[in-house]
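Data block below; observations after.
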Amino acid sequence: MRVPVLKQGPHLIASVQSALTDDDLVELRDDLAELVGRHRSRGVVVDVTALDVIDSFAARTLRTIAYTIRLRGARTVIAGIQPDVAFAMVQLGLSLEGVATALDLEEGLAFLTRRTTGEAGP
């Protein structure tokens, strides 16, 4: 299942709407790397609000997406990690170290806007 990717100004929004297979995650990684270059995007928000599980492969792939996008010249924010999912990730030792996270899509876009316009903020 392809994850829809929307362009909003200088940013891309990938909205994960249901559980993804490992192949879907790899496809998302490849799509985002290509779309950042095509649209000359400054940032990407990956909205995972709909996910009720993030396993080790998904966590590793989200990290890889963020690192790949950074090498392409843009920033990535993972938005919408549910409380139970965050707790389970911590219990399992899964980390998104070095990857920006946000409470929701709105906060993720605000973070990217601050970073790409040079405004101060958290």
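Bear in mind these aren't lab numbers, they're just calculated from the coordinates by the rules spelled out. A quick note: this is a predicted structure, and the numbers were derived from the prediction, not measured. Cβ atoms come from the backbone with ideal geometry, glycine included; neighbour counts cover every protein chain shown.
Here the calculated FRET efficiency for LEU92 and GLU34, from their Cβ-Cβ distance with R0 = 41 Å, stands at 0.85, rounded to the nearest 0.05. The order of the peptides 27-40, 90-103, 58-71 by mean Cβ neighbours within 10 Å, most packed first, is 58-71, 27-40, 90-103.
Taken about its Cα centre, the chain carries a charge dipole of roughly 720 debye when the Cβ of each Lys and Arg holds +1 and the Cβ of each Asp and Glu holds -1.
Would you compute the Debye intensity of the chain from its alpha-carbon atoms alone, equal scatterers and no solvent, and pass along log10 I(q)/I(0) at q = 0.10, 0.15 Å⁻¹ to two decimals? At q = 0.10, 0.15 Å⁻¹ the computed log10 ratios are -0.26, -0.61.
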